[in-house]
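One structure is given here, and the rest of the page talks about it.
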Amino acid sequence: MFKVNNSKSKILYFAIKRLFDIICALFACIFLIPVTLIVKLCYILTGDFKSIFYKQKRIGKNGKFIFIYKFRSM
């Protein structure tokens, strides 16, 4: 019978998954830049010149602390 090498298929799977993640992140960044500029412009027009983001500390994988950045309007 034909036997498939599992380690090669896993490497290929993770390589394709990583490439997909990078491409999706690039598209998300391209989409979020205009949204961020519009939100900042709305803040400036109302007289608020502070940062539009705030930083929140959370617990991530294996108990490691990570920071999440959010719009202040949330």
Restricting to lysines and to Cα separations under 24 Å from LYS8, and discarding same-chain partners fewer than 8 apart, the set is LYS17
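Divide by every residue of the chain the summed helix terms, -39500 (n - 2.57) for each DSSP H run of at least 4, and state the resulting mean residue ellipticity at 222 nm, rounded to the nearest 500 deg cm²/dmol.
Numbers: 1 runs with 40 residues, N = 74.
Estimated from H runs of four or more residues: -20000 deg cm²/dmol.
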Let me know the Rg and Dmax you get for the chain when you use only its Cα atoms, in Å.
-> 20.3, 73
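With +1 on each Lys and Arg Cβ and -1 on each Asp and Glu Cβ, and nothing else charged, work out how big the dipole of the chain is about its Cα centre, in Debye to the nearest 20. Intermediate results must be reported in sequence, preceding the final value.
Numbers: 14 positive and 2 negative charges, 97 e Å.
The dipole of the chain has a size of about 460 debye.
Throughout, read-outs are computed from the coordinates displayed, never taken from laboratory work. Since the model is a prediction, treat every value here as computed from it, not as a measurement. Here the Cβ is made from the backbone with ideal geometry for all residues, glycine too, and neighbour counts use every protein chain on show.
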